1. Quick check on the stretch 1-11: of everything there that is in contact (Cβ under 8 Å) with a residue 24 or more places away in the chain and more than 15 Å from residue 69 (Cβ to Cβ), which residue is surrounded by the most Cβ atoms within 10 Å (Cβ to Cβ)?
2. State all residues of the stretch 44-95 that are under 14 Å from the mean Cα position of the chain (by Cα), surrounded by fewer than 16 Cβ atoms within 10 Å (Cβ to Cβ) and over 26 Å from residue 1 (Cβ atoms); if no residue qualifies, say none.
3. Can you confirm whether residue 23 is in a helix (DSSP H, G or I) and at pLDDT 95 or above?
4. What do you reckon, is residue 51 assigned to a loop (DSSP other than H, G, I, E, B), touching a helix residue (DSSP H, G or I) at 6+ places or on another chain (Cβ under 8 Å) and free of Cβ contacts under 8 Å to residues at least 60 places away in the same chain?
5. When you look at residue 40, is it assigned to a helix (DSSP H, G or I), farther than 17 Å from residue 100 by Cα and at pLDDT below 95, yes or no?
6. Just to be sure before I move on: is residue 102 part of a helix (DSSP H, G or I), modelled with pLDDT under 90 and closer than 18 Å to residue 3 by Cα in the structure I sent?
7. Take the stretch 72-95 and flag every residue that is touching a helix residue (DSSP H, G or I) at 6+ places or on another chain (Cβ under 6 Å) and in a helix (DSSP H, G or I).
8. Do you know which of the residues in the stretch 12-43 that are in contact (Cβ under 8 Å) with a residue 24 or more places away in the chain and out of contact with any helix residue (DSSP H, G or I) (no Cβ under 7 Å at 6 or more places or on another chain) is nearest to residue 61 (Cα to Cα)?
């Protein structure tokens, strides 16, 4: 259950990053509320995951999901660079998150 909470926390972190970009484009109450809900939910699910998982592991995976996911969302929705080296390093982040999961109890 902790791993599911951690994945949800990471996905909400990605949503929060997307809502920051949306708020930058559309300065309205809906965007601000979605931003607050996304990050609030992300912290809530992260804290739930940390009841079982170690802080270092949970934080590293949560950050990895948020960072890689935010960059991928930027490429898809905001026409950010899809340079090969950028994809390579995103792959390293994703591989590191998977590696942490594989070597953790």
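The values are calculated or read from the model by the stated rules, or taken from the named source; none is laboratory data. Fair warning: this is a prediction, and the values are worked out from it, not measured in the lab. Note that each Cβ is placed from the backbone with ideal geometry, even for glycine, and that neighbours are counted across all protein chains shown.
1. 5
2. The answer is none; no residue qualifies.
3. The answer is no for residue 23.
4. The answer is yes for residue 51.
5. In short, no.
6. Answer is yes for this residue.
7. Once the filter is applied, which keeps residues that are touching a helix residue (DSSP H, G or I) at 6+ places or on another chain (Cβ under 6 Å) and in a helix (DSSP H, G or I), the stretch 72-95 yields 73, 90, 93, 94.
8. 43
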